[in-house]
Amino acid sequence: MPLDRLTFLGLRNLDSLDMRPSAGINLVFGANGSGKTSILEGVHLLGMGRSFRTQQVKHAIGHDSNALVLHGRLSGSPPLPLGVRRQRASSELEMRLGGERVARVAQLAEALPLQLINPDAFRLLEGSPASRREFLDWGVFHVKHDFFAVWKGFRRALKHRNALLRHDRIDLQSIRVWEHELVQWSERLDALREAYVERFLPVFEETLAGLLSLPGLSLKYSRGWDRSRALAEVLEQGRDSDSQMGFTQQGPQRADLRIRLERRPAVEVLSRGQQKLVVSAMKLAQGRLLEALTGRTCIYLIDDLPAELDIEHRQAFCRWLERMQCQVFITSVEREALAGLWQPETAVAMFHVKQGRLVDHGQYDFTTE
């Protein structure tokens, strides 16, 4: 379901905002520092309970505000309101869904599936495996209802084993109990991830082919421990080494998605523009797979789409967005950078942000420029 209304108060340098976005393409343009990326940040906070610009939500509160209050409404019969609130003097993020207070961010994430494409997205190629695991687990979470319970069970077992490893003397009976628990949850988690990647790969390959030609690019799932050995054996034989390190060295917490071009890591070979298209294809493919498996659509937040892309690849990117018929929020410094890229039948809602104030320019036909 798309968002049909956004109201933000106390978000960075934005004035009080009341936005009625289109269910399709929404272009937000403005000068650097005007506040356009803050709009994407507000939507991200609504769906993820956290910012993509700062680790602490309190830093997103405007200098002259005592609180951050964000509300959104998902269209439907009936509409579904959601909101988050953070007082500057408090460390608690208050979250509401359908008028009721909720305790888990996962409830917001389930209601508002989001994909963010911004400079941080390059971490999928150049960052640590943790970034790729987060990407992978987002996909599994949204298509497998039991994923969250499995993930929590795995994290609990891992935490207990790690705590026992740090004792001066290992209690063999206790650690064996938690290793058994860890193996059970790990195997279930690995199976969910592996099954998801199998469904994801053909969608990703098709999406990437629509953006650019990269023969030889491969994406492979690595589960985090030796495939030729059972995890129970790995944990038992690695116990002494793990004790010296103070943590469990192998398991699903070390899983990764290995992205290579021929035999080399893709990040070492691809240009910056090619990297952006690869990570964008990964994000778009996740949304496409979500819709195919669940019938639900994903909302895309794309910060500075034109950056690092030539006109041909901008157009290819926009064609995918049109084909997917999903809600998209795109920022750009100059609206002309996206002129002439849309099909005549595509309605593009335009918003201009100037010194923190939002002006709705209504529907705009770029094809006339």
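The values are calculated or read from the model by the stated rules, or taken from the named source; none is laboratory data. Remember, it's a predicted structure, so these values are computed and weren't measured experimentally. Please note: Cβ atoms are built from the backbone with ideal geometry, for glycine as well, and neighbour counts cover all protein chains shown. Note: accessible area is taken over every heavy atom of the protein model, side chains too, but ligands, DNA and RNA are not part of it. Shrake-Rupley method; radii C 1.70, N 1.55, O 1.52, S 1.80 Å.
The table for this structure:
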{"quantity": "The stretch 96-125: number of residues that are surrounded by 13 or more Cβ atoms within 10 Å (Cβ to Cβ) and more than 19 Å from the chain's Cα centre (by Cα)", "calculated": "4"}
{"quantity": "Selection count, the stretch 280-328, where residues are in a helix (DSSP H, G or I), open to solvent by less than 50 Å² (accessible area, probe 1.4 Å) and not basic (Lys, Arg)", "calculated": "17"}
{"quantity": "Yes/no for Arg132 being under 24 Å from Glu187 (Cβ atoms), modelled with pLDDT of 95 or more, over 15 Å from the mean Cα position of the chain (by Cα) and outside any strand (DSSP E or B)", "calculated": "no"}
{"quantity": "Residue in the stretch 37-59 that is least open to solvent (accessible area, probe 1.4 Å), counting only those that are over 14 Å from Val69 (Cα atoms) and assigned to a helix (DSSP H, G or I)", "calculated": "Leu40"}
{"quantity": "Pair list, Cβ < 6 Å and 6+ apart or interchain, from the stretch 127-146 residues that are without any contact (Cβ under 8 Å) to a residue 12 or more places away in the chain to residues that are surrounded by fewer than 18 Cβ atoms within 10 Å (Cβ to Cβ)", "calculated": "Ser131/Arg123"}
{"quantity": "Counted residues, the stretch 92-109 - those being outside any strand (DSSP E or B) and either without any contact (Cβ under 8 Å) to a residue 12 or more places away in the chain or touching a His at 6+ places or on another chain (Cβ under 6 Å) (or both)", "calculated": "3"}
{"quantity": "Filter result (open to solvent by 90 Å² or more (accessible area, probe 1.4 Å) and either over 22 Å from Val69 (Cβ atoms) or hydrophobic (A, V, I, L, M, F, W, C) (or both)) within the stretch 79-95", "calculated": "Ala89"}
{"quantity": "Odd one out for Gly72, checked against (1) under 26 Å from Gln355 (Cβ atoms); (2) open to solvent by less than 30 Å² (accessible area, probe 1.4 Å); (3) without any contact (Cβ under 8 Å) to a residue 60 or more places away in the chain; (4) not aromatic (Phe, Trp, Tyr)", "calculated": "(3)"}
{"quantity": "Single residue of the stretch 228-263 satisfying the filter (of a type outside the set (Phe, Trp, Tyr), open to solvent by 40 Å² or more (accessible area, probe 1.4 Å) and under 19 Å from Arg155 (Cβ atoms)) that is nearest to the chain's Cα centre (by Cα)", "calculated": "Arg254"}
{"quantity": "Extreme residue, most open to solvent (accessible area, probe 1.4 Å), among residues of the stretch 143-175 that are touching a helix residue (DSSP H, G or I) at 6+ places or on another chain (Cβ under 7 Å) and of a type in the set (A, V, I, L, M)", "calculated": "Ile170"}
{"quantity": "Residues that are in contact with a Ser or Thr (Cβ under 7 Å, 6 or more places away or on another chain), closer than 21 Å to Leu321 by Cα and open to solvent by less than 20 Å² (accessible area, probe 1.4 Å), drawn from the stretch 334-361", "calculated": "Leu338, Trp342, Ala349"}
{"quantity": "Residue in the stretch 25-40 that is closer than 19 Å to Ala111 by Cβ, in contact (Cβ under 8 Å) with a residue 12 or more places away in the chain and touching a Cys at 6+ places or on another chain (Cβ under 9 Å) present", "calculated": "no"}
{"quantity": "Residue selected from the stretch 1-28 under the condition open to solvent by 20 Å² or more (accessible area, probe 1.4 Å) and touching a His at 6+ places or on another chain (Cβ under 9 Å), by the criterion nearest to Lys354 (Cα to Cα)", "calculated": "Asn13"}
{"quantity": "Scope the stretch 131-167; condition of a type in the set (Asp, Glu) and either under 15 Å from Gln286 (Cα atoms) or in contact with an Asp or Glu (Cβ under 7 Å, 6 or more places away or on another chain) (or both); matching residues", "calculated": "Glu134, Asp137"}
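To keep it simple, each residue is scored yes or no on (1) assigned to a helix (DSSP H, G or I); (2) within 22 Å of the chain's Cα centre (by Cα).
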site: His167; (1), (2): no, no
site: Ile175; (1), (2): yes, no
site: His180; (1), (2): yes, no
site: Arg188; (1), (2): yes, no
site: Arg193; (1), (2): yes, yes
site: Glu206; (1), (2): yes, yes
site: Ser213; (1), (2): no, no
site: Leu219; (1), (2): no, yes
